[in-house]
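Enquirer: Following this message is one structure expressed as structure tokens.
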Amino acid sequence: NTNGFLAQDAATNYNATLGFTGNQGFGFGPWLLSTIGGGAYISGDATPLFGLWNSTSNSISTATRSFNLPLPVGASFSVKLEMTSLDTAANQNGFDLQDASGNPLFSYWHQGGDNANGHYLDATGTGTATGFAFDYGIADSFKFTLTSITNYTFADLATGKSFSGKLSGSAINGVMFFRTNGAATPSNGQDFKFSNLAIAIAPSTPNPA
């Protein structure tokens with residue numbers, strides 16, 4: 001593919017009455033939702049956004065999606081997220097890149113409404129994504145690039161900050177978005193939105209004439 005895209009999908013492909021079960025997008029499997037204590041919706045914003053919410057203490061809402069093919073070395077997974085309503089220190093909004101059994105290989109999340117940094121988990125443990133912004137109510141874009149079977153780079157495209165890390169070497173076969181609450185009941189359940197996702201490789205450079 002000369003433009004580099006291997007898979008791409010956006011909220012505009014979905015019907016508000018069907019939620020995540022609409023057009024699955026080339027290269028992706030169907031959405032699987034688990035929203036006990038919460039739910040899913042499509043916002044009425046000018047640009048449609050999928051949303052997850054959860055208003056129950058010690059509960060989680062998730063939207064999981066498989067890739068039709070594992071993420072190849074050299075490819076990037078990109079997503080546009082709006083992480084809102086982190087109203088207590090125990091709330092988390094984020095996503096996992098998973099193996100075929102659903103085990104997280106890489107996680108990125110924000111926790112607590114006043115925390116300007118992101119957090120991540122990979123094969124080496126947990127870390128802080130310094131300079132990765134939490135912009136309440138503002139969509140931000142992130143890019144995960146698999147540079148080898150055991151190495152990656154991850155970037156916040158809004159702030160320009162990035163870091164590199166290590167993976168186990170297991171194939172990346174899907175993604176799960178999550179909203180998690182701690183013991184304190186959150187005051188606002190409408191909290192986590194995302195609008196599009198894509199898997200791409202660097203476009204090929206044409207040979208000079």
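Enquirer: For Ser101, only one of the following conditions fails: (1) open to solvent by less than 40 Å² (accessible area, probe 1.4 Å); (2) assigned to a loop (DSSP other than H, G, I, E, B); (3) at pLDDT 95 or above; (4) within 28 Å of Ile36 (Cβ to Cβ). What is its number?
Expert: The failed condition is (1).
Enquirer: Select from segment 104-126 the residues that are under 21 Å from Ser59 (Cβ atoms), open to solvent by 10 Å² or more (accessible area, probe 1.4 Å) and in a loop (DSSP other than H, G, I, E, B) and list them in ascending order.
Expert: The answer is Gly113, Asn115.
Enquirer: Going through Ser43, Ser55 one at a time, which residue ends up being within 23 Å of Asn91 (Cα to Cα), open to solvent by 20 Å² or more (accessible area, probe 1.4 Å) and modelled with pLDDT of 70 or more?
Expert: Sole residue among the options that is within 23 Å of Asn91 (Cα to Cα), open to solvent by 20 Å² or more (accessible area, probe 1.4 Å) and modelled with pLDDT of 70 or more: Ser55.
Enquirer: Do you know which residues across segment 135-152 are among the polar types (S, T, N, Q) and within 21 Å of Glu82 (Cα to Cα)? Working first, answer last.
Expert: Going through segment 135-152, the residues among the polar types (S, T, N, Q) turn out to be 141, 145, 147-148, 150-151.
Passing the criteria: Ser141, Thr145.
Enquirer: What are the residues in segment 127-164 that are hydrophobic (A, V, I, L, M, F, W, C), open to solvent by less than 50 Å² (accessible area, probe 1.4 Å) and within 16 Å of the chain's Cα centre (by Cα), if any? Quick ask: steps written out before the conclusion?
Expert: Keep residues of segment 127-164 that are hydrophobic (A, V, I, L, M, F, W, C), which gives 129, 132-134, 138-139, 142, 144, 146, 149, 154-155, 157-158, 163.
Subset that is open to solvent by less than 50 Å² (accessible area, probe 1.4 Å): 129, 132-134, 139, 142, 144, 146, 154-155, 163.
The answer is Ala129, Phe132, Ala133, Phe134, Ala139, Phe142, Phe144, Leu146, Phe154, Ala155.
The values are calculated or read from the model by the stated rules, or taken from the named source; none is laboratory data. These numbers come from a predicted model, not from an experiment. Because the Cβ atoms are built from the backbone with ideal geometry, glycine has one as well, and the counts that use them run over all protein chains shown. Note: accessible area is taken over every heavy atom of the protein model, side chains too, but ligands, DNA and RNA are not part of it. Shrake-Rupley method; radii C 1.70, N 1.55, O 1.52, S 1.80 Å.
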